[in-house]
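Participant: Below is the structure I would like to discuss, written out as C-alpha cells.
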Amino acid sequence: MQVTNYIEYTLLHPSATERDIVELCLSAQKNNYYAVNINSYYVALAKQLLNKTNTKICTPIGFPLGVTATASKIYEAKKALSDGADEIEMVINQGLLKSKNYVSVLKDITDVKLAIGKTPLKVIIEISELNKNEIIRICEICLDAQVDYIKTSSGFSKNGSTLTTVKIIKKTVRDHIKIAAFDGIEDYETVLKYIASGADRVGITYGTELFNNTRAKRNSKIFKQYIKTHKTEDETNKSISSEKLITKF
C-alpha cells in the first residue's frame, strides 16, 4: 500500500505566508502526497507550483463555519475552480442540521454540487459538534446529495477525528461516498489506523514530518528492544556462570 496516495498536506491557518504555501507545495511534491489543502486565496499560486505534477489542489469554501449563504459558497467555489483548484470542500450549516431543517441542509449541499459539476466535492461535517444520530443523519443527506467525500473535521473545532466516528460514517455510507479524516493525525501508525477504519484520504498538517518521525521512532524502538534482549542474555549468562561456580565448590 502506497500511503502517500492517501495524504492531503494541509495549511489553512489564517497567518500562513506565501513562503509557507510555497514550502507546502514543494514538500507535497517531494513526498508525492495526493493533494495540498489550502485557502482559496492561494490556489492560483499553488497551481503555478504544481502545474506539472500529479499533486491535486483542494480548497474549502464557506470556511470554517459553514454559515455563509449558499450563493456565496457557489461564487467562492467557481472562483477557486477558475484559479486552478481540483477539488472543493464545503462546511455544512450546523445550525440548520441541529434545527432539523434537513431540506435546507440538502439544498445547500446539492446547489454547490450542481454548480461545480464533475469536480469532486467534500462535505465537512465537524464531528466534534454532532452526536451520533446527527452524524448518521448528515451522512444520509450527503448520500442524497451524491457528494464525493465526507470529511470529519475542519481543524478549527474543539476536537479532531476519531476512529470510532470514521467507522460510523463508513457503516452508513458504505462504498457510496469516500471518507476523509482530518485533525490530530500526526504519525505514520495513526494514518494506517485511519485507513484500516475506512478512510480514503487522510489529512496531515503542514510541518508534520510523517515518515521521518516514524523512522526515528522505529529505530528507537528497535534499539530499546536490542538493549533489553542483550541485557536479559547477559543476566542469564551470569546466572549460569554462578551456578557452575557453586557446583564446582
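Participant: Does residue 126 satisfy being under 28 Å from residue 164 (Cβ atoms), acidic (Asp, Glu) and crowded, with 17+ Cβ neighbours inside 10 Å? Break it down stepwise before answering.
Facilitator: On the way: under 28 Å from residue 164 (Cβ atoms): yes; acidic (Asp, Glu): yes; crowded, with 17+ Cβ neighbours inside 10 Å: yes.
The answer is yes for residue 126.
Participant: For segment 54-79, how many residues meet the condition of being among the β-branched types (Val, Ile, Thr) and assigned to a helix (DSSP H, G or I)?
Facilitator: Start the filter on segment 54-79 by keeping residues that are among the β-branched types (Val, Ile, Thr), which leaves 55, 57, 59, 61, 67-68, 70, 74.
The next check asks that each one be assigned to a helix (DSSP H, G or I); those that pass are 70, 74.
Total meeting the criteria: 2.
Participant: Exactly one of (1) at pLDDT 95 or above; (2) surrounded by 14 or more Cβ atoms within 10 Å (Cβ to Cβ) is unmet by residue 176. Its number?
Facilitator: Going through the list (1) at pLDDT 95 or above; (2) surrounded by 14 or more Cβ atoms within 10 Å (Cβ to Cβ), residue 176 breaks only (2).
Participant: Another one. Specify which of the listed residues (105, 112, 147) is more than 18 Å from residue 68 (Cα to Cα) and crowded, with 20+ Cβ neighbours inside 10 Å.
Facilitator: 147
Participant: Quick test of your reading of the structure: residue 153 fulfils all but one of (1) surrounded by 21 or more Cβ atoms within 10 Å (Cβ to Cβ); (2) under 15 Å from residue 7 (Cβ atoms); (3) free of Cβ contacts under 8 Å to residues at least 60 places away in the same chain. Name the failing condition by number.
Facilitator: Every listed condition holds for residue 153 apart from (2).
Participant: Output the residues belonging to segment 164-207 that are assigned to a loop (DSSP other than H, G, I, E, B) and in contact (Cβ under 8 Å) with a residue 60 or more places away in the chain.
Facilitator: Step one: filter segment 164-207 for residues assigned to a loop (DSSP other than H, G, I, E, B), giving 174-177, 183-187, 198-200, 206-207.
Once the filter is applied, which keeps residues that are assigned to a loop (DSSP other than H, G, I, E, B) and in contact (Cβ under 8 Å) with a residue 60 or more places away in the chain, segment 164-207 yields 199, 200, 206.
Participant: Taking only segment 97-150 into account, find how many residues are in a helix (DSSP H, G or I) and aliphatic (A, V, I, L, M).
Facilitator: 16
Participant: Let me ask something else about it. Considering 43, 91, which residue is assigned by TED's automatic domain parsing to the domain that holds residue 142 and either over 25 Å from residue 210 (Cα atoms) or surrounded by fewer than 17 Cβ atoms within 10 Å (Cβ to Cβ) (or both)? Before the answer, list the steps.
Facilitator: Values: 43 fails: either over 25 Å from residue 210 (Cα atoms) or surrounded by fewer than 17 Cβ atoms within 10 Å (Cβ to Cβ) (or both).
None of the others qualify; the one that does is 91.
Participant: Being farther than 25 Å from residue 35 by Cα and in contact with a helix residue (DSSP H, G or I) (Cβ under 7 Å, 6 or more places away or on another chain) is the filter here; which residues of segment 61-92 pass it? So that I can check it myself, show each step before the final result.
Facilitator: Of segment 61-92, the ones farther than 25 Å from residue 35 by Cα are 67-71.
Matches in segment 61-92: 67, 70.
Participant: Here is a further query. Which one of these does residue 151 not meet: (1) under 19 Å from residue 72 (Cβ atoms); (2) modelled with pLDDT of 95 or more?
Facilitator: Single failed check for residue 151: (1).
The values are calculated or read from the model by the stated rules, or taken from the named source; none is laboratory data. What you see is a predicted model; the values in this text were computed from it and never measured. Glycine also receives a Cβ, built like all others from the backbone with ideal geometry; neighbour counts cover every protein chain displayed.
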